[in-house]
Amino acid sequence: MRRHLFCVFSLLSLSSVFGQVSYSIPEEMSKGSFVGNIAQDLGLDLKRLKTGKARLHVGSSGEYIELNKERGVLLIKDRIDREALCKQTTPCALHFQIILENPIQFYQVNVEITDINDNAPLFKMSNMSFEISESAVRGAKFVLEKAVDYDVGINGLKGYSLNPSDNFVLKLTDNAVGEKEVEMVLEKTLDREQQERLILTLTAVDGGETQLSGTVKILVTVLDANDNAPVFTESTYKASLIENSPKGTSLMRVTATDLDQGTNGVVTYSISGNTDDILEVFEIHQTSGEIRLIGKVDYEVSKHYLLHVKARDQGGLSDSCKILFDITDVNDNSPVIDLMSTTQSVPEDSPFQTVVAVMNVHDADSDNNGVVKCYLTDSDTFFIENTSKGFYSILTNSDLDRERASEYNITVTCSDEGVPSLSSSVTLTLQISDVNDNPPVFERSSYEAYIVENNTPGLSIFTVKATDSDWNQNARVSYILEDSSVNGVPVSSYVSVSADSGVIHAVRSFDYEQIKDFQFRVKAQDGGSPPLSSNVTVKLMIQDQNDNAPQVLYPVQTGGSLVAEMVPRSADVGYLVTKVVAVDVDSGQNAWLSYKLQKATDRALFEVGLQNGEVRTIRQVTDKDAVKQRLTVIVEDNGQPSRSATVIVNVAVADSFPEVLSEFTDFTHDKEYNENLTFYLVLALAVVSFLFITCVVVIISVKIYRWRQSRILYHSNLPVIPYYPPRYSDTLGTGTLPHVYNYEVCRTTDSRKSDCKFGRAGSQNVLIMDPSSTGTMQRIQSEKSILDEPDSPLEVSSMD
Ligand SMILES: *[C@@H]1O[C@H](CO)[C@@H](O)[C@H](O)[C@H]1NC(C)=O
Ligand SMILES: *[C@@H]1O[C@H](CO)[C@@H](O)[C@H](O)[C@H]1NC(C)=O
């Protein structure tokens, strides 16, 4: 709707200006639209307009309006845009003149252009962008670009609105120039993590009747602020770790998330607040959070490891978590055997279950890896016993015998029950010390020895030998002749035994014809304390020598009377005259007799049986044969050399006794000679015997004196002495010589010094020392020095 305002001004004083007229039209009228009836309003008729050649003088105003002369009206010639014409200036008017010629006249015409709401509020930018940190506080202001509305007045810009208005509100303020400033005020803080980008619409409206509006987008980018700390996925991690895991093993990974962006969200990890030893064992990768092993984990040192791990972003915000590593035991420790006490040696007679060693065994591992069992390699002789936890004793199991095994290497092996099992072992050497538990043993259960009769006294016959399996002193064997009697005579008068060598000597000369054999016992005794002994029977057999000549029993050789065998002259050939009977006390060949005729009056008449000694005739007796026949028969034994005896056999060849008597009177002259011979023999024997007894008594006296002296020495110096039977002190015996001969045997090279051993009748022993003997003294000295040595293993057994 257009409203036409007509204003008519009367100009009085101006010569050329005859009047003016004003119109008011809205802008944007279409071409040819009516502006005003100028002819009517100025009072001009249409002819004058034609004649006057009326025209419009627009000057600089532009030809928006034209003059229609026929109708005398002003019409819109061109579109009038008030905003283009006047911008914001009000009022906006076109000023031009209507000029007439003949006469020249002109009229002032003002056409006011009124605004219509043809412009919407307009934002110059298509959108506005803001980058606002999420840390911006409430009340923060952000100036927005204003909208422009070219219309003026009521059609101009009226107000703004913002949508959505969750975070921001609009605020209009007047600035210094009086313009309205529009601001956006933060009402509710932003959170990038919730909404990173906000799109708001700012709408500007004008006040026109038909309200127009313009919008602009406000893009708000929320800038990150480090408002979020890193957060671990778990506050406590648990993991198990096998001990002795190799260095560099990747164990686990912890993760902390930081909602922030960019550097604010970059998390670095570190192990914090831990002692140095943890840092030597574990390391964490700074960015990845991977935990690796860099040291040695030993279950025996620590069963758990607690790590505090810190995650930190660039802004300095941090979180921490705990990691608990449980260390799993591995069987990496062998049992340790600690020998607490050991015995170097035990006597062989130690009782069953004697403790020889005590030890402590422990294993640093846990559970089965630390459960230890111990056993012995040589389990026959010893056994091991678990006395209390971790403590073991080694005890003897069976009877010990030094003679069987004098040394044991006892190997103790302890192994745990881990898989695989670890074990360790220790060997201890145990000596078994000797106890005198073995008697001397003779090499044979009995001995038989032979000696030819008529031996030299002092002859060594043979040797008995006994061995003792014990050690040292316990094995030192002495030989002793056991006391017994042979035919009522002490056996010591027959034989003696050398104490240290076991050599048996004949004390006397044996006579087979008196004693053919005898037995005695020799005792072997060791030097232990108490001593052990055994005995053996020795059978000594005396062998015969041909020391006896045959003895003729018949015919009896009497001194005075004469015996003759009678042979009748009528005797046939082979007549048994007599039989020579002879015996030989020797035995065997030595007693095997043979008879021969040695001499005869008439060899052709008699013969003697070689074996039986029978004297027979070998031819017919004749008258020419003499009455008196004398035969000499020799009896020989078969010994080497042989011995013989002769016998004279008188034979009377006669038929009557008186004939014989006359012939035999000359046989008697032999008798006196025989009686004289017997007397002298007895006398000589008596003298010799007396001298011999005297001699023996003197020698024995001297020997007793020396023996006493040597016995004193014996007591003082000799530590080991053979056992002396009780009768020893009575060695003098009686000194008498009942039926036995005493012999003194001296076997030293130098008999002057009397350093010798005696085999003595009536004394059973043995070893007699002479103090003047340098050799014996040396031996005593050396034995004494052995005994005096402090470390000597010998046991000293005193005589007393
Ligand atoms: C015991 O061990 C030692 C040293 O190894 C060795 O000389 C000795 O013969 C061993 N004894 C036994 C009875 O095995
Ligand atoms: C000799 O030994 C036997 C056993 O061999 C024993 O019975 C006897 O008593 C011993 N004799 C003497 C005298 O010691």
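The values are calculated or read from the model by the stated rules, or taken from the named source; none is laboratory data. Given the structure is predicted, the values throughout are model-derived calculations rather than measurements. Glycine gets a Cβ as well: all are built from the backbone with ideal geometry, and neighbour counts include every protein chain shown.
Would you call residue 523 part of a strand (DSSP E or B) and exposed (fewer than 15 other Cβ atoms within 10 Å of the Cβ)?
no
Give me a count of the residues in segment 362-384 that are over 17 Å from residue 352 (Cα atoms) and away from ligand 1 (no atom under 16 Å from the Cβ).
Total satisfying the criteria: 14.
In segment 476-485, which residues are part of a strand (DSSP E or B) and in contact with a Pro (Cβ under 7 Å, 6 or more places away or on another chain)?
Within segment 476-485, 478, 480 meet the criteria.
So that you can scan it fast, the table gives a plain yes or no per residue for (1) in a loop (DSSP other than H, G, I, E, B); (2) at negative phi; (3) among the acidic types (Asp, Glu):
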site	(1), (2), (3)
474	no, yes, no
499	yes, yes, no
510	yes, yes, no
530	yes, yes, no
552	no, yes, no
574	yes, no, no
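Within 16 Å of ligand 1 (Cβ to nearest atom) and either assigned to a strand (DSSP E or B) or farther than 30 Å from residue 346 by Cβ (or both): does that describe residue 387?
No; evaluated as a whole, the condition is false for this residue.
Between residues in segment 402-431 that are farther than 17 Å from residue 329 by Cα and residues that are within 16 Å of ligand 2 (Cβ to nearest atom), which pairs lie under 7 Å by C-beta distance while being six or more apart or on different chains?
The qualifying pairs are 403/438.
So, residue 422, is that one over 15 Å from residue 364 (Cα atoms) and either of a type in the set (Lys, Arg) or more than 16 Å from ligand 2 (Cβ to nearest atom) (or both) or not?
no
Restricted to segment 178-188, and to residues that are charged (D, E, K, R) and at pLDDT below 90, which residue is surrounded by the most Cβ atoms within 10 Å (Cβ to Cβ)?
Top of the filtered list is 181.
Select from segment 486-497 the residues that are in a strand (DSSP E or B) and of a type in the set (A, V, I, L, M) and write down the one among them that is surrounded by the most Cβ atoms within 10 Å (Cβ to Cβ).
497
Could you list all residues from segment 304-321 that are surrounded by 15 or more Cβ atoms within 10 Å (Cβ to Cβ) and touching a strand residue (DSSP E or B) at 6+ places or on another chain (Cβ under 6 Å)?
Within segment 304-321, 305, 307, 309, 310, 311, 312, 313, 318, 319, 320, 321 meet the criteria.
How many residues does segment 418-429 hold that are away from ligand 1 (no atom under 16 Å from the Cβ) and under 10 Å from the mean Cα position of the chain (by Cα)?
The number of residues fulfilling the criteria is 3.
What are the residue pairs meeting all of these: first residue in segment 24-46, first residue not assigned by TED's automatic domain parsing to the domain that holds residue 72, second residue surrounded by fewer than 19 Cβ atoms within 10 Å (Cβ to Cβ) and of a type outside the set (Val, Ile, Thr), Cβ atoms under 6 Å, and 6 or more apart or on different chains?
Short answer, once both residue conditions are applied: none.
Kindly establish whether residue 173 is assigned to a strand (DSSP E or B) and either modelled with pLDDT under 90 or not assigned by TED's automatic domain parsing to the domain that holds residue 254 (or both).
When the stated conditions are applied, residue 173 passes them.
With the requirement that a residue be away from ligand 1 (no atom under 16 Å from the Cβ), part of a loop (DSSP other than H, G, I, E, B) and either more than 14 Å from the chain's Cα centre (by Cα) or of a type in the set (Ser, Thr, Tyr) (or both), what does segment 399-417 give you?
399
Can you tell which of 213, 235, 250, 240 is exposed (fewer than 13 other Cβ atoms within 10 Å of the Cβ), of a type in the set (Gly, Ala, Ser) and more than 40 Å from the chain's Cα centre (by Cα)?
Only one candidate passes the filter, namely 235.
If residue 551 passes every condition in (1) surrounded by 15 or more Cβ atoms within 10 Å (Cβ to Cβ); (2) of a type outside the set (A, V, I, L, M, F, W, C); (3) more than 16 Å from ligand 2 (Cβ to nearest atom) but one, which one does it miss?
(1) is the only condition that residue 551 fails.
What residue, of 245, 165, 240, is under 30 Å from residue 364 (Cβ atoms), part of a loop (DSSP other than H, G, I, E, B), of a type outside the set (D, E, K, R) and not assigned by TED's automatic domain parsing to the domain that holds residue 82?
245
All but one of (1) in contact with a Leu (Cβ under 6 Å, 6 or more places away or on another chain); (2) within 23 Å of residue 302 (Cβ to Cβ); (3) not in a strand (DSSP E or B) hold for residue 228, so report the exception by its number.
In the conditions (1) in contact with a Leu (Cβ under 6 Å, 6 or more places away or on another chain); (2) within 23 Å of residue 302 (Cβ to Cβ); (3) not in a strand (DSSP E or B), residue 228 misses (2) alone.
Quick one: how many residues across segment 117-148 are farther than 30 Å from residue 189 by Cβ and surrounded by 18 or more Cβ atoms within 10 Å (Cβ to Cβ)?
Adding up the residues that qualify gives 4.
Among 371, 356, 297, 346, which is the only one that is surrounded by 20 or more Cβ atoms within 10 Å (Cβ to Cβ) and not assigned by TED's automatic domain parsing to the domain that holds residue 228?
Unique residue meeting the criteria: 356.
Quick one: which of 504, 542 is closer than 30 Å to residue 583 by Cβ and either within 16 Å of ligand 1 (Cβ to nearest atom) or of a type in the set (A, V, I, L, M) (or both)?
One residue alone meets the criteria, 542.
Restricting the search to segment 412-446, which residues are β-branched (Val, Ile, Thr) and over 11 Å from residue 337 (Cβ atoms)?
Answer for segment 412-446, where residues must be β-branched (Val, Ile, Thr) and over 11 Å from residue 337 (Cβ atoms): 419, 429, 432, 435, 441.
Name the residues in segment 189-222 that are in contact with a strand residue (DSSP E or B) (Cβ under 8 Å, 6 or more places away or on another chain) and either part of a loop (DSSP other than H, G, I, E, B) or modelled with pLDDT under 90 (or both), would you?
190, 191, 192, 195, 196, 207, 211, 212
Look through segment 463-472, keep the residues that are assigned to a loop (DSSP other than H, G, I, E, B), away from ligand 2 (no atom under 16 Å from the Cβ) and out of contact with any Gly (no Cβ under 6 Å at 6 or more places or on another chain), and return whichever of them is farthest from residue 518 (Cα to Cα).
So, considering only residues that are assigned to a loop (DSSP other than H, G, I, E, B), away from ligand 2 (no atom under 16 Å from the Cβ) and out of contact with any Gly (no Cβ under 6 Å at 6 or more places or on another chain), the one farthest from residue 518 (Cα to Cα) is 471.
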